[in-house]
1. Stretch Val58-Ser41 to full length: gain in nm at 0.36 nm per residue minus the Cα-Cα span?
2. Report the per residue volume, in Å³, of the convex hull enclosing the C-alpha atoms of the stretch 54-102.
3. Mind checking the stretch 26-103 for trypsin sites (Lys or Arg not before Pro) that DSSP puts in a loop (not H, G, I, E or B) and that have at most 11 other Cβ atoms within 10 Å?
4. Kindly state, to the nearest 0.05, the FRET efficiency for Asp49 paired with Ala73, given R0 = 30 Å and r defined as their beta-carbon distance.
5. State the extension gain, in nm to one decimal, for the chain segment bounded by Ala29 and Ala90, taking 0.36 nm per residue of separation less the distance between their alpha-carbons.
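Read-outs: derived from the displayed coordinates by stated rules, not from any lab. Remember, predicted model here, so these are calculated numbers, not experimental data. Here the Cβ positions follow ideal geometry from the backbone for every residue, glycine too, while neighbour counts run over all protein chains shown.
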Amino acid sequence: MNTSIKASLILAAALGLSACSDNAQNEAAEAANAITGDVQSTIDNAAADVANISVDAVGAAENVADATGAAAANTAAKAKDATANALDRAGDSLKDGADKVEH
């Protein structure tokens, strides 16, 4: 009888351990799935951040190019006006000189 009780206790303990083992395996699998989901989410967020940075960088480069083009156009317009004014003054000076020579 004593051996029978010991065997029953050992069997009950073994069944309890095997149940814990299944439970532990399930919990470990759930934890692994949760970690995998977190890692995937982090990767997706990082990829989205990189894409947004790229879009922002392209937009900034376009803005700089637009500003540079506008500045170049303004400078060219000012140079054209200054040249026209200088030519007008030179023409006026030539007329004045020609008038003085005639008189």
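1. Working: separation 17, 0.36 × 17 = 6.12 nm, distance 2.58 nm.
Residue separation times 0.36 nm, minus the Cα-Cα distance, leaves 3.5 nm.
2. On the way: hull volume 1.2 nm³, N = 49.
Once divided by residue count, the hull of the stretch 54-102 is 25 Å³.
3. Working: sites: Lys78, Lys80, Arg89, Lys95, Lys100; in loops: none.
Counting only loop positions with at most 11 other Cβ atoms within 10 Å, none of the trypsin sites (Lys or Arg not before Pro) in the stretch 26-103 qualifies.
4. So the FRET efficiency works out to roughly 0.25.
5. Length difference between fully extended and current span is 12.9 nm.
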